[in-house]
Amino acid sequence: MIAAQDTRTRDNALTLVSVGLFCVFLWWVPNNLDGYKLRIINLIAINAILGLSLNLIYGMTGMFSLGHAGFMAIGAYVSALLVLTPEQKVQMWILEPIAPWLANIHTPFIASLLAAGVIAAFFGWLISLPILRLGGDYLGIATLGFSEIIRILITNFTPITNGSLGLKGIPSHTTLWMSYGCLAIFLLCMVRLMRSNFGNVLRAVRDDEIAARTMGIDTFKMRVLAFTLGCFGGGVGGALMGNLITTIDPKMFMITQTYSLLMIVVVGGLGSITGSIVGSILVTTMLEWLRIVENPVTIGTFEIPGIPGMRMVIFSLLLIAVIIFRREGIMGMREFSWSWLLGLGRKRGGAAK
Amino acid sequence: MRKLVLALVVCLMATGAAFAADDVIKIGVFNCLTGQNAFGGQLELEGTQLAQKEIPEVLGKKIELVIVDNKSDKVEAANAVTRLIERDKVNAIIGTYGSSLAMAGGEVAEKAGVPVMGTSCTNPLVTQGKQYYFRACFIDPFQGAGAAAYAYRDLGFKKAALLIDVANDYSVGLGNFFKQNFTKLGGEIVSEMKYQSGDQDFTAQLTELISKKPDIVFLPAYFAEGAIVLKQAKELGAEFRFMGGDAMDNPEVVTLGGDAVEGFLHTTFAYDPSMPNMNPVAQKFTENWKKAFPGKEPNVNAALGYDSYILIVDAIKRAGSADPKAIRDALEQTKDVPTVTGMTTLNATHDAEKELGIVEIRDGKKQFIGTVTP
Amino acid sequence: MTLNMFVQHFINALGLGSLYGLIAIGYTMVYGILRLINFAHGDIFMLGAYFVFFSTVMYKMPWAVGVGIAILGATLCGLLVDRVAYRPLRSAPRISALISAIGVSFFIENLAVVVFTGMPRPVVQPPMLMKAFSVGGVRLVPLGLMVPAISFVLVSGLLWVVYKTKPGLAMRSISHDIETTRLMGVSVDRIIALTFAIGSALAAVAGIMWALRYPRVEPFMGIIPGFKAFIAAVFGGIGSIPGAMLGGLALGFVEIMSVAFFPKLSGYKDAFAFVLLIVILLAKPTGLMGEKLEDKI
């Protein structure tokens, strides 16, 4: 039996060491892996941020939201409009001239990230006031409706968003350090948050709203707060995504974008922070790996042509299989802890479901 | 699960082994083989493959095509190009149908310094400010101006209307260039209706258009949607004519639209299998295509896929090297290269300067009417 | 706007709306019973359209046979989806079934790409259905009248099944309380399968009519109609069959009339529908005709 104090020291040391190792890894990666792998590693971090923020809304607080793509879109557009240079903007609006007040705004990337988060959060807050009174699936549908409305507005507001032409030539600010830095900050805040009283309150709201209200919790306020915070994450994630891919247009933010985030959250484990990260790693890499099945394969002189569409067929089968055989997701509601990891080494396979 | 992993590993090794050979020049192709633009991308790929079969070598080295699907999706397009450059180490790239995909891929290629030859991405933004992006096609302002000139001058139509897919960059761009030029010529735009990609019911927009009595409606749609629009217009008894852009140039237009596409006009590149007095390259292309794909008509997408390959090989030949930078420099000097769609010269903005063709559908067949100058 | 034009718009809206309604019924029935948004429903609709395309255009079968094959094929697919992807998850959290539904939807769409290729294919319309005629300046085609007529007949038939037959009683009972129904000796799985079968058959009919009305088929054709029909189902009150039809019609009318009355804002067409949806949800969270469902996450 190890005393609690010792366990904590051990855990802190282990955490510190692994963070250090990860930093070494991040430093090593750009010089040793090709840009393709780099992009995937980068995407994992961004998807993890997006997954975590959706998990805060849905997994932790129990608000079924299908609107994340909309908030990502707001974030991506706000950030892109702020980091693009005035010269780029003048060239790009070839259909209608850009709104004059927008043409000369130019900020550093970090400021644009913050603005992306804040503005997405503002819209989230605005929307949440009326619709968080809805519950269950109705909330999901209403948020989905808002996400689509946001997309339609972006498509039609050419002077501000350049319409369906989208924005291109966004400087690729999203380096590994940037995306993992954001992820680290986000993760830290989430862990802190969920361990705090606020986290308990959110879980109470999720598990039994009536009981929570009886305990004197202003459940509506809590839900609005959690929703707004989640939208902040969605905005930042969208901004990072835009700066990674360097071009954005309204079609990127269709409902399928929300589905893939939902997949990450649920496959990882609803309500588990670790789960969202595991889900992001799995879903992102799986989607990339499976590209292999669509390439022509040559064995000796024999060539099997690639089959278009096969990748998603296999991916969807894997997804269904995971859900059927591990219905709570990979992590369930559990979280990662060092004791769990060390324990795993000792009693392999003994863990109960 | 273990079996699956094993299978994946085997696949990985097999693909790895395929690209291990030395002394080959690799040309990457990224195009839409699946997704909503697959109908265009597939034809372009087949055109490129046909060209590769005809010219399998340059500078005494074998040319190998590395094909990647961009799934008509921007994120995938950027990934696909990254993969071609980083993993397959291609010397040059061909692609793609769809301007937004070209833009997403173009950013990656620009940074890596690998030249790309765009097939049918006609939006001016694609090559804007790019050192490494070129294209075998003309651009939408030119096409829109040509369409407007043909409608106003040659057909004598004074009142035009637009039906635009507001979610499609191609449609919005081309429609806008048509509108600008048509009004500049002195014509009047009587109505501008919009729909969203994926819509299949256009009756409301068409009823509104009919009430405005235009002479011609400009419909810069993709062919599958466009054909449905024409069908519904006929059902509703529309009497005006329709005109589209190069994205309507697909043999399927007639099969999809039936007799409703009769009299439909569209601008396109100066190639069509129905064309009288074809240039020698086009003749050869048409013959070989019919041999390779019996029962399937070639179209401009196939021709542009073919032309893109020719332009790159021509540049490699002139550069005397397959170094990406050398190819780029040679591409910039491209002048009067005979291609299927006419003599191709790449101008200062890396766009092909070529003629604009007009096609009309008569008696269920595409008829190449001639070329226009805006 | 002249009266003629208004009538023309009205007829257009009726045709589109009744198709939405027909698809919406499948969503509403499954949701009413399982509280599951069956995302694969739009893809069953697509399969129905493909089956009719293959039998009539590729194999030149008569239309009656083609329609029969399509309905049967789609019904089997619907049953298979339930058996493989949903039944194992009956006791799981609802979100797991939802993700499974998204997975199935991706699977069917992409399998269709693999098997049918992504090329859109033309559907040949029987000429007699397309012979246009004018009544007082309003253009009509027989098909345009047939679509709402068939939809209303089918809905009436369905209402009869649900409200007047034993299996219908069981369905309604399951939607109130699945466990109690099981205890009453009802074979719940069989009734759920029946629900999927009916929903899929209706989706197939909608798919056929859609393929006739907008004559082409492609693997992703089910996504947007499916999505809109689902919105329609919520609009009308999810769980209610007349509500689904009403919601479908309402959506059809909003889409068409927003363009008709505000032609300058035609780019915002879908936004009108969503704004109205949210307003209705806020005013009456259970939709136009919905009953209060006890749902709890």
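The values are calculated or read from the model by the stated rules, or taken from the named source; none is laboratory data. For clarity, every value in this text was computed on a predicted model and none was experimentally measured. For neighbour counting, all protein chains shown are included, and Cβ atoms are generated from backbone atoms with ideal geometry for every residue, glycine included.
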Task: Residues (free of Cβ contacts under 8 Å to residues at least 40 places away in the same chain and touching a helix residue (DSSP H, G or I) at 6+ places or on another chain (Cβ under 6 Å)) located in segment A:115-129 - done: A:Ala115
- [ ] Name the single residue, out of those in segment A:318-342 being away from chain C (no Cβ under 11 Å) and assigned to a helix (DSSP H, G or I), that is farthest from A:Val293 (Cα to Cα).
- [x] A:Ser339
- [ ] Taking C:Met61 as the residue in question, decide whether it is within 14 Å of chain B (Cβ to nearest Cβ), outside any helix (DSSP H, G or I), farther than 22 Å from A:Tyr138 by Cα and not charged (D, E, K, R).
- [x] no
TODO: Could you look through segment C:150-171, keep only residues that are in a helix (DSSP H, G or I) and polar (S, T, N, Q), and pick out the one that is surrounded by the fewest Cβ atoms within 10 Å (Cβ to Cβ)?
DONE: C:Ser156
- [ ] Give me the pairs, please: first residue somewhere in segment A:38-58 and within 14 Å of chain B (Cβ to nearest Cβ) and under 9 Å from A:Gly230 (Cα atoms), second residue anywhere and surrounded by 24 or more Cβ atoms within 10 Å (Cβ to Cβ) and of a type in the set (Val, Ile, Thr), beta-carbon distance under 8 Å, and either six or more positions apart or on two chains.
- [x] A:Leu50/A:Ile264
Task: Subset of segment A:163-177 that is crowded, with 22+ Cβ neighbours inside 10 Å and hydroxyl-bearing (Ser, Thr, Tyr) - its residue that is farthest from the chain's Cα centre (by Cα) - done: A:Ser164
Open item on the list: Just the residues that are more than 17 Å from C:Ile25 (Cβ to Cβ) and β-branched (Val, Ile, Thr), please, taken from segment C:153-189.
Closed with: C:Ile178, C:Thr180, C:Thr181, C:Val186, C:Val188
TODO: Please verify whether segment C:182-189 includes one or more residues that are surrounded by fewer than 21 Cβ atoms within 10 Å (Cβ to Cβ) and under 20 Å from the mean Cα position of the chain (by Cα).
DONE: no
- [ ] Test each condition in (1) buried (at least 21 other Cβ atoms within 10 Å of the Cβ); (2) farther than 30 Å from B:Gln196 by Cβ; (3) out of contact with any helix residue (DSSP H, G or I) (no Cβ under 6 Å at 6 or more places or on another chain) for A:Tyr180 and report the one that comes out false.
- [x] (3)
- [ ] Quick one: count up the residues across segment A:1-34 that are closer than 30 Å to B:Leu84 by Cβ and among the polar types (S, T, N, Q).
- [x] 2
Task: Condition check for B:Lys89: touching a Lys or Arg at 6+ places or on another chain (Cβ under 8 Å), part of a loop (DSSP other than H, G, I, E, B), of a type in the set (Lys, Arg) and at pLDDT 90 or above - done: yes
Task: Boolean, B:Asn288 is surrounded by fewer than 23 Cβ atoms within 10 Å (Cβ to Cβ) and assigned by TED's automatic domain parsing to the domain that holds B:Thr339 - done: yes
Open item on the list: If I filter segment B:175-189 for residues that are crowded, with 24+ Cβ neighbours inside 10 Å and within 16 Å of C:Gly267 (Cβ to Cβ), do I get at least one hit?
Closed with: yes
Task: Residue check for A:Val224: among the β-branched types (Val, Ile, Thr), in a helix (DSSP H, G or I), over 30 Å from B:Gln196 (Cβ atoms) and touching a residue at least 60 places away in the same chain (Cβ under 8 Å) - done: yes
Task: Residue list for segment A:233-245, restricted to those being at the interface with chain B (Cβ under 9 Å from one of its Cβ atoms), surrounded by 24 or more Cβ atoms within 10 Å (Cβ to Cβ) and either more than 16 Å from A:Arg151 (Cβ to Cβ) or over 14 Å from the mean Cα position of the chain (by Cα) (or both) - done: A:Ile245
Open item on the list: I'm trying to understand the selection: among the residues of segment C:96-118, which are at the interface with chain A (Cβ under 7 Å from one of its Cβ atoms) and surrounded by fewer than 21 Cβ atoms within 10 Å (Cβ to Cβ)?
Closed with: C:Leu111, C:Val114
Task: Among the residues listed as B:Val114, B:Val75, the single one being within 14 Å of chain A (Cβ to nearest Cβ) and assigned to a helix (DSSP H, G or I) - done: B:Val75
TODO: Could you list all residues from segment B:338-364 that are surrounded by 20 or more Cβ atoms within 10 Å (Cβ to Cβ) and either without any contact (Cβ under 8 Å) to a residue 12 or more places away in the chain or closer than 12 Å to B:Ile310 by Cα (or both)?
DONE: B:Thr339, B:Val340, B:Thr341, B:Thr344
TODO: Please verify whether segment C:79-89 includes one or more residues that are in contact with a helix residue (DSSP H, G or I) (Cβ under 8 Å, 6 or more places away or on another chain), of a type in the set (D, E, K, R) and farther than 30 Å from C:Asp177 by Cα.
DONE: no
Task: Flag for B:Thr82 being assigned to a helix (DSSP H, G or I), within 11 Å of chain A (Cβ to nearest Cβ) and hydroxyl-bearing (Ser, Thr, Tyr) - done: yes
TODO: Give the residue, chosen from B:Ala204, B:Ala221, that is surrounded by 24 or more Cβ atoms within 10 Å (Cβ to Cβ), of a type outside the set (Ser, Thr, Tyr), farther than 19 Å from C:Phe253 by Cα and free of Cβ contacts under 8 Å to residues at least 60 places away in the same chain.
DONE: B:Ala221
TODO: Tell me which residues, restricted to segment A:132-162, are of a type in the set (Val, Ile, Thr), out of contact with any Gly (no Cβ under 9 Å at 6 or more places or on another chain) and crowded, with 20+ Cβ neighbours inside 10 Å.
DONE: A:Ile141, A:Thr158, A:Thr161
TODO: Kindly indicate whether any position in segment A:82-100 is within 14 Å of another protein chain (Cβ to nearest Cβ) and within 30 Å of A:Leu132 (Cα to Cα).
DONE: no
Open item on the list: Of the residues B:Ala161, B:Ala151, B:Ala109, only one is closer than 23 Å to B:Lys354 by Cα and surrounded by 22 or more Cβ atoms within 10 Å (Cβ to Cβ); which?
Closed with: B:Ala151
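Okay, residues lined up against (1) of a type outside the set (A, V, I, L, M); (2) farther than 18 Å from C:Phe51 by Cβ:
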| site | (1), (2) |
| --- | --- |
| C:Thr180 | yes, yes |
| C:Met184 | no, yes |
| C:Ser187 | yes, yes |
| C:Leu212 | no, no |
| C:Ile224 | no, yes |
| C:Lys228 | yes, yes |
Task: Tally of residues being surrounded by fewer than 17 Cβ atoms within 10 Å (Cβ to Cβ) and within 21 Å of C:Pro225 (Cβ to Cβ) across segment C:126-149 - done: 4
